[in-house]
Amino acid sequence: MIDMIEKEEPIISEEEAAQYDRQIRLWGLDAQKRLRGSRVLLVGLGGLGAEVAKNLILAGVKGLTLLDHEQVTEESCRAQFLVPVTARGQNRAQASLERAQYLNPMVEVRAYPDRPEDKPDDFFLQFDAVCLTGCSRDLMVRVDQLCSQRNIKVFCGDVYGYYGYMFSDLGKEHHYALRIFCSLKEALEVDWTSEKAKASLKRTPVDYFLLHVLLKFRTDKGRDPDPQSFAEDSQLLRQIRDDVLESLAVSGDLLSDDFVSYCFSEMSPVCAVVGGVLGQEVVKALSQRDAPHRNFFFFDGRKGNGVVDYFGPN
Amino acid sequence: MVQLVGSLRKELADSLSSCRVLVVGAGGIGCELLKNLVLTGFKNIEVIDLDTIDVSNLNRQFLFQKKHVGKSKAQVAKESALQFCPTANITAYHDSIMNPDYNVEFFRNFMLVMNALDNRAARNHVNRMCLAADIPLIESGTAGYLGQVTVIKKGLTECYECQPKPSQKTFPGCTIRNTPSEPIHCIVWAKYLFNQLFGEEDADQEVSPDTADPEAAWNPEEAAARATASEKDGDIKRVSTKEWARSTGYDSIKLFNKVATRQIHQLFKDDIMYLLTMDKLWKKRKAPLPLDWQQLENHGSGLKDQQVLGIWGYCKLFQHSVETLRSQLEQKGDGAELVWDKDDPPAMDFVTAAANLRMHIFSMNMKSRFDIKSMAGNIIPAIATTNAVIAGLIVLEGLKILSGELESCRSIFLNKCPNLRKKLLVPCVLDPPSANCYVCASKPEVTVKLNVHKSMVVFLQDKILKERFGMVAPDVQIEDGKGTILISSEEGETEANNSKFLSDFGIRNGSRLQADDFLQDYTLLINVLHTEDLEKDVEFEVVGDAPDKAPPPPSNQEETNSITNGNKDSAQPSTSSKGLTCSHSAVMLAQP
């Protein structure tokens, strides 16, 4: 009944119809077919990456490519559920491949052990959507610039302890009318000195500034805050907080010291929340259905707050 | 100096590894929850689920693969979780949480109970068990893109039953039998028909024209006269295989053909013609058009619609499914019954065909099998991401509880779109217990309106105490100074009372009954308000309940959050407003 053979449109088989029944009843057959024809790149297989991988594979995309240069450590085994406990020392993407594939044999899952920085431009251009986790600010800005020009949907996300965020750039011509997106670069480089920006500070989630602090930490130290060096990293975080707020010309009071002890390591339930929202945004964008969140989602796991807000020019 | 183990303070991490927690349900929310618990560092987890794995679960219940279809959810969930955390100590129960083995003592073993259920009866039961054991309970639910989490702690917060929940939506008998106006009425009729022919007979599920329909009468006396006249059973006769063989003497194919054809005539022609004689019903409505099998047959099967078959196609489908179901019944032997199951193809074909034939007769556009299955099967669409978010929130609330920070616990609602304050996830402060909650108040009491001369003891037990008040094994005493026992939960003890009327025991207006469920440690005092004056098709009323009315449609902006009770309960979502702090409304129901 569901077999509708159209030129160049993927066919949904009986098997897929049975497995995807409960989601087809939600977003419809056309949306499922669009998913079925989409290829996605996922960078980073930490806690958040694993959640996004699971969500996209279950949703039934055509292909998911996993890219991660990191090795499996003892901590990785606690952080995510795709890596077997025996895989210590292996590449994280490759170690996650088997379990990821088991989630849904109908999706083509591939894994590469390379650094995303070393990949040429056209590597990224073969996908319909790109999802970056655990990446440096520079890499994210570069990939976003490269991809959104070509109408490739770009998503970024990270989890730091109890906090997490998601960013999306669906380009200027996203099908869901009237929704304008800006680049990550523009989103991060909002000018807070203007009168208008200052006035809006009251309604601005402080998570935005927290994100700046954590991205700077990652750039400076080449890693995220580590529980093993709690004392040292806490101090550095406070220092970076001071520097960042000053350089953005906003008040030092915006971000109290409180956050410092709650942003270490990727917390599994926070990865689940952020990964769920991020995964669903990717699904929406690929299936061209339902209004996308514009352009950030911030989650505060201590308060249970999840807000969507737009940062960009004007 | 703060010491961290991963993201967590050391004291918290330590208590996670020693405490025991219970997860009730291993489906959509349950799989996600089990994964989160294990990765967060919980070491002692017990999980219970009575269900087995179905292929339609695989789009979200990620601990299961195709090869596991048919196996126990709890068992496979445990095995899969151990794969990525072999040091976790997980106990799986393939069982119902309502089994008396899981008594208050059992619940007291745990520091925390987390529900991942899809039906209200189980939620009510766990609510009471956690109140009795005084263990914190985290409730949750999802439906489509929406979800909700909340915390229940005796004496501190509302319990699950503090706020009245809308009861399962039912339609008046005459709408189903005489004047359907929507596809759902025809679908309900088709399911009733299934039971009349193949399943357990139920006096509440009649399909023949309702001659006592008050709307059909030109004057009240006429209606009353018809009502008494129709005391005799005018309903479709359940023809047993034996009766068939006896009455026709034909060979099987002709036999089935004949009976199916005869039934089509009866149901879709004769009964419709009877309805037409009740002319007052059709003064303001479009009259139904009886089907003429002969005419349809002569026109042949030229009707081919890709998604919706033509009328002739549904006639054939009806006939064919009746034949298949008949032989299923025959194979089961004497006195056998079939239970309708949306995943059983001939049962689903039967309802699709019968509902569509009826829709056609009553001038409604016919529907595809896919759509009918949704409505008939109360299917709630479900995806992985919503469940993932909710399960994450459950663990975060759990951590607050284990840190002794109950005052920081919240109800959190997941919306589809951000609200006016940009919130996609809306945390709300928990409400205190309701003073006159019929479950968690110190001496719960209700008033029930019914007719003592017409209500049987078994009706009190099944429809009122079990269905409406969520008891599993009720014991009832009359407060008559003698402590007369009306109902005993011990099997067989009060069976003789079942078909007696309440008035037979001296119960009348103002009488008080004490109902207990010992497993739930729950006592409810019932004040009886006798009345002869209930609405048609209403057999009792709980005084103080808001009248059942159709819920307002949700607004486009999704200001309101409507979450359903799961496929085992109401077919329709419902809304109720919840106060000023949160711009959404939610009624805790839901399906993982």
Worksheet item: What accessible area, in Å² to the nearest ten, does a 1.4 Å probe give for B:E535?
Response: 130 Å²
Worksheet item: Excluding same-chain residues fewer than 8 positions from B:K269, which lysines have a Cα within less than 22 Å of its Cα?
Response: B:K191, B:K232, B:K237, B:K254, B:K258, B:K280, B:K283, B:K284, B:K286, B:K316, B:K367
Item to complete: Would you grab the residues whose amide H sits under 5 Å from the one on B:L486? Only those 5+ places off in sequence or on another chain, please, with H modelled 1.01 Å from N.
Response: B:V476, B:Q477, B:I478
Worksheet item: Label point 7 Å out from B:K500 along Cα-to-Cβ: which residues of segment B:462-482 have amide N under 17 Å?
Response: B:462, B:475-482
Practice prompt. About the Cα centre of the protein assembly as shown, how large is the charge dipole given +1 on each Lys and Arg Cβ and -1 on each Asp and Glu Cβ? Please answer in debye to the nearest 20.
Written response: 1500 debye
Practice prompt. Would you grab the residues whose amide H sits under 5 Å from the one on B:V5? Only those 5+ places off in sequence or on another chain, please, with H modelled 1.01 Å from N.
Written response: B:K10
Fill in: segment B:445-543, accessible area per residue, ligands and nucleic acids excluded (1.4 Å, Å²)
53 Å²
Worksheet item: Stretched out fully, how many nm does the piece from A:D121 to A:T73 gain, at 0.36 nm a residue minus the Cα gap?
Response: 14.3 nm
Practice prompt. Specify whether the C-alpha gyration tensor of segment B:445-543 places it in the rounded, prolate or oblate class, a ≥ b ≥ c being the square roots of the eigenvalues: rounded for a/c under 1.5, otherwise prolate if a/b is larger than b/c and oblate if not.
Written response: rounded
Worksheet entry | Per-residue average of Cβ from other chains inside 10 Å of B:103-113 | 0
Discussion item. Which GluC sites (Glu not before Pro) in segment B:144-210 sit in a loop by DSSP (not H, G, I, E or B) and have at most 16 other Cβ atoms within 10 Å of their own Cβ?
Written reply: B:E200, B:E201
Practice prompt. Rounded to whole Hz and in sequence order, give me ³J(HN,Hα) for segment B:160-171 from the Karplus expression 6.51 cos²θ - 1.76 cosθ + 1.60, θ = phi - 60°, writing x for Gly and Pro.
Written response: 4, 9, 5, 8, x, 9, x, 7, 3, 6, 10, 10
Item to complete: Report, to the nearest whole %, how much of the accessible area of segment B:69-185 belongs to carbon and sulfur atoms, 1.4 Å probe, protein only.
Response: 50 percent
Discussion item. Just to be sure I understand the interface: list residues from segment B:74-92 that lose 10 Å² or more of accessible area between the chain on its own and the complete protein assembly, 1.4 Å probe.
Written reply: B:Q83, B:F84, B:P86
Practice prompt. Output ³J(HN,Hα) for segment B:448-459: one whole-Hz value per residue in order, computed from phi by the Karplus curve 6.51 cos²θ - 1.76 cosθ + 1.60 with θ = phi - 60°, and x for Gly and Pro.
Written response: 10, 9, 7, 9, 5, 7, 10, 9, 8, 4, 5, 5
Worksheet item: Between B:S17 and B:F171, what length in nm is gained on full extension when 0.36 nm per residue of separation is reduced by their alpha carbon distance?
Response: 50.3 nm
Worksheet item: Per-residue accessible area for B:F518 at 1.4 Å probe radius, Å² rounded to 10?
Response: 150 Å²
Worksheet, complete the sentence: segment A:191-261 accessible area per residue, 1.4 Å probe, protein heavy atoms, integer Å², reads 53 Å²
Worksheet item: Can you pull the percent of chain A's accessible area that's carbon plus sulfur, 1.4 Å probe, other chains left in place?
Response: 46 percent
Response to the item:
Spelling it out for B:L50: with amide H atoms placed in the peptide plane at 1.01 Å from N, the residues 5 or more places away or on another chain with amide H under 5 Å from its amide H are B:D95
Item to complete: Leaving ligands, DNA and RNA out of it, rank A:L254, A:L64 by accessible area with a 1.4 Å probe, largest first.
Response: A:L254, A:L64
Worksheet item: Say R0 is 45 Å: what FRET efficiency, to the nearest 0.05, do B:A203 and B:D95 get from their beta-carbon distance?
Response: 0.85
Worksheet, complete the sentence: Candidate cut points under trypsin sites (Lys or Arg not before Pro) in segment B:462-533, DSSP loop plus at most 11 other Cβ atoms within 10 Å of their own Cβ, are B:K482
Worksheet item: For B:5-12, what's the mean count of beta carbons from other chains sitting within 10 Å of each residue's beta carbon?
Response: 5
Item to complete: Order the following by accessible area, largest value first: B:H320, A:H212. Probe radius 1.4 Å; ligands, DNA and RNA are ignored.
Response: B:H320, A:H212
Worksheet entry | Chains B and A, summed buried accessible surface - 1.4 Å probe, Å², nearest 100 | 5100 Å²
Item to complete: Assuming R0 = 30 Å, can you tell me the calculated FRET efficiency for the pair B:N103 and B:K466, based on Cβ-Cβ distance, to the nearest 0.05?
Response: 0.95
Item to complete: Within segment B:329-416, report the GluC sites (Glu not before Pro) that DSSP leaves as loop and that have at most 16 other Cβ atoms within 10 Å.
Response: B:E337, B:E405
Worksheet, complete the sentence: So the FRET efficiency between B:M456 and B:K482, C-beta based with R0 = 22 Å and rounded to 0.05, is 0.55
Worksheet item: Just how much of A:R294 is accessible, in Å², when a 1.4 Å probe is used and the result is rounded to the nearest 10?
Response: 70 Å²
Item to complete: Please give the residues from segment A:262-277 for which the solvent-accessible area of heavy atoms, probe 1.4 Å, is smaller by at least 40 Å² with all protein chains in place than with the chain isolated.
Response: A:M267, A:S268, A:P269, A:A272, A:V273
Worksheet item: Sorted by accessible area (1.4 Å probe), largest first, how do B:E532, B:E490 line up?
Response: B:E532, B:E490
Worksheet item: Tell me, what HN-Hα J-couplings in whole Hz come from the Karplus equation 6.51 cos²θ - 1.76 cosθ + 1.60 at θ = phi - 60° for each residue of segment A:106-114, using x for Gly and Pro?
Response: 7, 9, 8, 9, 10, 9, 10, x, 7
Discussion item. Residues of segment B:43-62 that become at least 50 Å² less accessible with every protein chain present than in their own chain isolated, using 1.4 Å: which are they?
Written reply: B:S56, B:N59, B:F62
Worksheet entry | 10 Å Cβ neighbours from other chains, averaged over peptide B:393-401 | 4
Fill in: DSSP bridge orientation in the protein assembly as shown - percent antiparallel, rounded to nearest 5
55 percent
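The values are calculated or read from the model by the stated rules, or taken from the named source; none is laboratory data. Small disclaimer: the values here were computed from a predicted structure and weren't measured. Note that each Cβ is placed from the backbone with ideal geometry, even for glycine, and that neighbours are counted across all protein chains shown. Remember, those area values only see protein heavy atoms, side chains included, never the ligands or the DNA or RNA. Shrake-Rupley method; radii C 1.70, N 1.55, O 1.52, S 1.80 Å.
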